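Visitor: Dropping a structure here in structure tokens format, bear with me for questions.
No lab work stands behind these numbers, since they all come straight from the coordinates. These numbers were taken from a predicted model, which means no experiment stands behind them. Because the Cβ atoms are built from the backbone with ideal geometry, glycine has one as well, and the counts that use them run over all protein chains shown.
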């Protein structure tokens, strides 16, 4: 049996430069089972059952086990649904993730405020900070676009980085700031920006600002706070061009692009990051292992770029 909660990424073997990603666990999360278009997960002390279109296979556990989930998501339309409680379950609870403390809040869109598969990237970023510190002792800067509830921002700030966190949703910004406070960070530890990611990045280019690391986890479709339209296939290339200009040219820097439920190959991600020029690129697929260790649940594509000294 694999270690509880271990997070894996694996990559297409046909690309010779693609690395296999594997990272240690955090014990407060566990994928118990998946199948029939659903997944069964433990977040802290609560077991959740919710849809996952990638789980096309049959569940490993019996249906009785699934039926005792503390909270089950009931889809009511293509826009969302509601959570059904087995008992008097809390509407939110706290959970520790690799040193950060966050609020788990099941939403009508089936999300809960945490994407555990991203832990593979969080720990990769931590390694980048260590590598960069060997090159320079100056304080590192991170730009987290589409930052959601801020786990990546909090972990980076706890590692001493100056973090700019951008999200188009005011409620997500508020949630992220609450998580930062819960994690013991000073209110000035992270710069919170409610803005359209592409608009903000273009503005930062004009200002001449630079970052040692950039994180992007964009949706397929979305709206900015002023109604700005985000469509992945139309806007990802201009946004990446801004990010290329924002990466620090005077030392090691990095960028991570990840996304879920988008019908593109990791090879497309590879080609986009190759446009950044000299540097190392690795692409693959984020995945979570089930408790049994027998299967992986795919959780989206990921590409990482590192610019050398």
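Visitor: How far, in degrees from 0 to 90, does helix 119-135 lean away from the longest principal axis of the Cα atoms of the chain, to the nearest 10?
Guide: It is inclined by approximately 30 degrees.
Visitor: Another question, if that's okay. Taking the simple approach of a point 7 Å from Cα along Cα-to-Cβ for both residue 86 and residue 186, what is their distance in nm?
Guide: Going by the 7 Å Cα→Cβ label model, 4.5 nm.
Visitor: Using Cβ counts within 10 Å as a stand-in for footprinting exposure, how do 240, 145 rank, fewest first?
Guide: 240, 145
Visitor: If you average the alpha carbon positions of region 82-111 and of region 259-309, how far apart do those two centres end up, in angstrom?
Guide: Their Cα centres are 27 Å away from one another.
Visitor: Also, quick follow-up: Please order 39, 101 by the number of other Cβ within 10 Å, starting at the fewest.
Guide: Ordered from fewest to most neighbouring Cβ atoms within 10 Å, 39, 101 come out as 101, 39.
Visitor: Another one. Can you tell me the relative contact order of the chain? Whole percent, Cα pairs under 8 Å, sequence separation 6 or more.
Guide: Taking the mean separation of contacting Cα pairs over the length of the chain, I get 17 percent.
Visitor: Next up: Any idea what the alpha-carbon Rg over 2.2 N^0.38 Å comes to for region 116-307?
Guide: Expressed relative to 2.2 N^0.38 Å, the Cα Rg reads 0.99.
Visitor: Right, here's the next one. In nm, to one decimal, how far is the modelled label at residue 250 from the one at residue 226, with both set 7 Å along Cα→Cβ?
Guide: 3.1
Visitor: Return one number: the angle in degrees, 0 to 90 and rounded to the nearest 10, between the long axis of the Cα atoms of helix 170-182 and the longest principal axis of the Cα atoms of the chain.
Guide: The angle comes out near 90 degrees.
Visitor: A follow-up question, please. Order of 283, 149, 141 from fewest to most other C-beta atoms within 10 Å?
Guide: Ascending number of Cβ neighbours within 10 Å: 141, 283, 149.
Visitor: By how many degrees, between 0 and 90 and to the nearest 10, does the Cα long axis of helix 197-207 differ from the longest principal axis of the chain?
Guide: Relative to the chain, helix 197-207 is tipped by roughly 20 degrees.
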